[in-house]
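The values are calculated or read from the model by the stated rules, or taken from the named source; none is laboratory data. Predicted model, so just to flag it, every value in this text is computed and none were measured. Note that we place each Cβ from the backbone using ideal geometry, even for glycine, and neighbour counts take in every protein chain shown. Surface areas here come from the heavy atoms of the whole protein model, side chains and all, with no ligands, DNA or RNA. Shrake-Rupley method; radii C 1.70, N 1.55, O 1.52, S 1.80 Å.
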Amino acid sequence: MNIMDVLTDMARTGGLGVLKPGASLDRVSGVLGAPAVADHVPDAVPSWPRTFAYGDVRLEACRCGLIHRVALSTWTESVEIPAACAGARTDNGTGTISMSPTATFGQLRAALDLARVAWESDLELASQFSIVVDREPVLVRFTFASEAGTGAADRSGATLHSAIARDTEHICP
């Protein structure tokens, strides 16, 4: 499995394997083991929502125990993804695999079109743009870095910066 397979699956299912918005953090921990705490302020008194990580996949969970955001940053040289979420087999379901995160807009567009996954343009800024896949109630956003002044026709080579799936309807009780 490569990064295009992972990204296409994320667009198709709204998450990375069991790591999806709406999933129970307890259920995910039962499959993948306990996540690493990845709060932005490491020594602060824990409060909710909290951020956790499995390799380079970050997730945000509410006090109710449900995941409401799953993010994969792809701007690094390599990414670590839970083996079980990348289709790899391990003895106990835990562990990560490393892969190149390099993906361009043209490559992802072709992969999504081949998989018959509908997407639409979203955020447009001078140095980045996004496309979204609506998997109601989950919205998957792929954000690309582009050079300032690049027109829509010239964006095929723009590199993927991040992929984020979030629950658009969750309200914590």
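Observations on the structure shown:
- Residue count for the range 147-173 under the criterion of being open to solvent by 60 Å² or more (accessible area, probe 1.4 Å) and either among the aromatic types (Phe, Trp, Tyr) or at pLDDT 90 or above (or both): the result is 3.
- Exactly one residue among PHE144, PHE105 is at pLDDT 90 or above and touching a Leu at 6+ places or on another chain (Cβ under 6 Å), and that residue is PHE144.
- Checking each residue in the range 55-76 for being within 22 Å of THR8 (Cβ to Cβ), free of Cβ contacts under 8 Å to residues at least 60 places away in the same chain and open to solvent by 20 Å² or more (accessible area, probe 1.4 Å) picks out GLY55, ASP56, ARG58, THR76.
- Which listed residue is modelled with pLDDT of 85 or more and over 22 Å from VAL138 (Cα atoms), from ALA36, ALA88, ALA61, ALA71: ALA36
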